[in-house]
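Step one of this worksheet: look at the structure below.
The values are calculated or read from the model by the stated rules, or taken from the named source; none is laboratory data. Small disclaimer: the values here were computed from a predicted structure and weren't measured. All Cβ positions, glycine included, derive from the backbone under ideal geometry; neighbour counts span all protein chains shown.
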Number of protein chains: 2
Amino acid sequence: MTTIQDIADKMGISKSAVSKALNNAPDISETLRKQVLETAVALGYTKLRRYRNSVRKICVLIEKDNIQYEEPYHFAYDIIMGFRQLAEPQGFDVVIEPVDIQIQRNQPYDVYMLEHDYVGSFVIGFSLADPWLKDFENSCTPTVLYDNYITGNPSTAYVGIDNDEGMELAVSHLVRQGHRKIAYLSNSLGSQIIQIRYSAFFRSMRKHGLKASYDNAGCSCFLSECMEKHLPNFLKSGMTAIICSQDTIASAALVQCQQLGYRVPEDVSIVGFDDLPIAAYTSPPLTTIRQDRTELGKSGFFALSSLLNHVSISTFLLHAQLIERKSTARISEKQ
Amino acid sequence: MTTIQDIADKMGISKSAVSKALNNAPDISETLRKQVLETAVALGYTKLRRYRNSVRKICVLIEKDNIQYEEPYHFAYDIIMGFRQLAEPQGFDVVIEPVDIQIQRNQPYDVYMLEHDYVGSFVIGFSLADPWLKDFENSCTPTVLYDNYITGNPSTAYVGIDNDEGMELAVSHLVRQGHRKIAYLSNSLGSQIIQIRYSAFFRSMRKHGLKASYDNAGCSCFLSECMEKHLPNFLKSGMTAIICSQDTIASAALVQCQQLGYRVPEDVSIVGFDDLPIAAYTSPPLTTIRQDRTELGKSGFFALSSLLNHVSISTFLLHAQLIERKSTARISEKQ
């Protein structure tokens, strides 16, 4: 086990200087403090320190540029509530930490965690472009990622809904209603979950013996491109149903179809994904695949507490659920 | 909620006859008893009955023709121990039920569970050929399957290790040792997990930029065919490493290589899967991918208790772990 002496030896400085740096003493320069923290992490000192605390601090890391969480109608709000509902009664001190790419560039993840005295984290909203996603591969801090998966690091776990199942529920719902020409409209494939949903669409179509090629799938990071290019193409080529990668895209597609003179669901059925609070208040209300966000938050805490107790959980998925509202219907006779 | 009256009305018999049939009274014919049970299940009576019991009975269903469990060195022994370790202290009565195809053909799964008064089950060793695997798709009994996955039924969950990660650990271990020509030797693809490992091998090889085609993969349900056909082919075509789908195959491959005049690991490296107790006692001891069986059993109970508490868990995977022993080595210079 690494001691303060080991850090001092490695750096060629005194034990008391190391101790001061680790305890944020005011008479230590910022540069030295950073070097001490980095050396401590490199020598595996994190683990030692954690067990000294009586109140254990954990954090929810939110990528604030990708996801909103402050208000009850924001996507991450209920996830955080579910997490706190289980964590706080068990004596954990939960801190919500909004981070952006700049914070991640400033400091390696394990150093950040050590500096803030966090024993573990629940990570929400990170995309493949976030620098710490690389750090998670070798981190030794217990870390649970919502909708991100790290291979081969026993300190990390992945929590989410079963997206394969969700897509299969969407496709088979449409197939039962007689649809055969089904398209898929997606935002950019810059996150793991959007990639998983994209390939799940093709798998599910093949499973039902339906044609699926680039023609019935459109992806773009710009909503305008989805609405002005992909969606009109789908309608022109006779698609009778469109599955969208997220409810926000589905609700825009609803409006756009109507503006182009198509009735929903009489002419075209639309399915969303996530069951955001808005999904019940579009016109018509949106058929969608629910992620139960409170349960996801609870699952996040369960997975983190497993990792903290050395149960090496890798993946924890919840069942997806089809919520049938008014944006889908049996295909009409004329088609 | 379905009542005894509903069952009586549906069948056109008296309430007391239904009650007698459900309670195994001796003066009711076997045929009538079966009809009552089947009607009760069809009407969703299972759920009602469960909450009447103070001691809740759950079972571990073992496919006795596929898997052994009685002795400490058998594969399923530790899984069952892990399951009981958590279940019994929580007041559950755990019954081990060995079943075969005949039992499954005799009775639908939900009827079997109702008849035995089980509120849930942990299912081990079922292959795709087992009749109840179809029943699980529509069952309303909380059911956790080890190494089998059912899409779209919120009453079922899947527990196992992360096989994708396990295969990636095996391939990247060999790649670090300089191997490029890696083969995969598998038993029949008649179970979901063996199928998952098979496709994970190709994904992992592609990820490392290595050639993988039918040439470097052999599957057979006969061990003799693996040893006398596939293995010699691999050796002739210059493979320097062989990953096996299970430790039993790997241990046979070890001996067969040696009999064909190849040294392990000097000429050819061999990796197993599972870390069965025997893996440490082959000559040389086997490098393998560990499934922690006690943890798997505990995970099985955790998932079942989640389902019983209406947390709709779909998938619970544990991290795989590379156990490096002596059957793999850095590729020798001459190759």
Q. Restricted to region B:202-221, and to residues that are free of Cβ contacts under 8 Å to residues at least 12 places away in the same chain and in a helix (DSSP H, G or I), which residue is surrounded by the most Cβ atoms within 10 Å (Cβ to Cβ)?
A. B:Arg206
Q) Hey, among the residues in region B:258-271 that are farther than 13 Å from B:Thr288 by Cβ and touching a strand residue (DSSP E or B) at 6+ places or on another chain (Cβ under 7 Å), which one's surrounded by the fewest Cβ atoms within 10 Å (Cβ to Cβ)? A) B:Val264
**Q.** Answer residue from region A:313-334, given it is surrounded by 20 or more Cβ atoms within 10 Å (Cβ to Cβ) and facing chain B (nearest Cβ under 8 Å) and is farthest from the chain's Cα centre (by Cα) among those
**A.** A:Ile313
Q.
Here's a check for you: in region B:303-312, which residue that is surrounded by 17 or more Cβ atoms within 10 Å (Cβ to Cβ) and within 11 Å of chain A (Cβ to nearest Cβ) is nearest to A:Thr315 (Cα to Cα)?
A. B:Ala303
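Going through region A:249-275 one residue at a time, which ones are free of Cβ contacts under 8 Å to residues at least 60 places away in the same chain and in a helix (DSSP H, G or I)? Don't jump to the end; show me each part of the working.
Filtering region A:249-275 for residues free of Cβ contacts under 8 Å to residues at least 60 places away in the same chain gives A:251-252, A:255-263, A:268, A:270, A:272, A:275.
If the condition is that a residue be free of Cβ contacts under 8 Å to residues at least 60 places away in the same chain and in a helix (DSSP H, G or I), then A:Ser251, A:Ala252, A:Val255, A:Gln256, A:Cys257, A:Gln258, A:Gln259 are the ones that fit.
What tally of residues in region B:284-297 results from selecting those that are among the β-branched types (Val, Ile, Thr) and in a helix (DSSP H, G or I)?
Looking only at region B:284-297, we keep the residues that are among the β-branched types (Val, Ile, Thr), and these are B:287-289, B:294.
Within this subset, residues satisfying the condition of being in a helix (DSSP H, G or I) are B:294.
Counting residues in region B:284-297 that are among the β-branched types (Val, Ile, Thr) and in a helix (DSSP H, G or I) gives 1.
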Q. Only one of (1) modelled with pLDDT of 95 or more; (2) within 13 Å of chain A (Cβ to nearest Cβ); (3) more than 24 Å from A:Ile150 (Cα to Cα); (4) in contact with a helix residue (DSSP H, G or I) (Cβ under 7 Å, 6 or more places away or on another chain) fails for B:Thr156. Which number is that?
A. (4)
**Q.** Sole residue being among the polar types (S, T, N, Q), in a loop (DSSP other than H, G, I, E, B) and either in contact (Cβ under 8 Å) with a residue 40 or more places away in the chain or surrounded by fewer than 22 Cβ atoms within 10 Å (Cβ to Cβ) (or both), chosen from B:Ser188, B:Ser199, B:Ser224
**A.** B:Ser188
Q) Considering region A:164-185 alone, what residues qualify as being at negative phi and either charged (D, E, K, R) or part of a loop (DSSP other than H, G, I, E, B) (or both)? A) A:Asp164, A:Glu165, A:Glu168, A:Arg176, A:Gln177, A:His179, A:Arg180, A:Lys181
Q. Which of the residues belonging to region A:134-148 are within 16 Å of the chain's Cα centre (by Cα) and crowded, with 19+ Cβ neighbours inside 10 Å?
A. A:Phe136, A:Thr143, A:Val144, A:Leu145, A:Tyr146, A:Asp147, A:Asn148
Q: Specify the residue that is nearest to the other protein chains (Cβ to nearest Cβ); the eligible residues are those in region B:247-302 that are touching a Phe, Trp or Tyr at 6+ places or on another chain (Cβ under 8 Å) and among the aromatic types (Phe, Trp, Tyr).
A: B:Phe302
Q: Check off (1) at pLDDT 90 or above; (2) within 22 Å of the chain's Cα centre (by Cα) for B:Asn106 and give me the number that stays unchecked.
A: (2)
Q) Pick from region A:10-22 the residues that are over 14 Å from A:Glu38 (Cα atoms) and not small (Gly, Ala, Ser): which of them is nearest to the chain's Cα centre (by Cα)? A) A:Lys20
Q | Residues located in region A:172-205, provided they are within 14 Å of chain B (Cβ to nearest Cβ) and either in contact with a Cys (Cβ under 8 Å, 6 or more places away or on another chain) or among the small types (Gly, Ala, Ser) (or both) | A | A:Ser172, A:Ser199, A:Ala200, A:Ser204
Q.
Which of the numbered conditions does B:Gly300 fail, given that it passes all the others? Conditions: (1) surrounded by fewer than 23 Cβ atoms within 10 Å (Cβ to Cβ); (2) modelled with pLDDT of 95 or more; (3) assigned to a helix (DSSP H, G or I).
A. (1)
Q.
Just to be sure I understand, how many residues within region A:16-37 are over 20 Å from A:Asp110 (Cβ atoms) and among the small types (Gly, Ala, Ser)?
A. 4
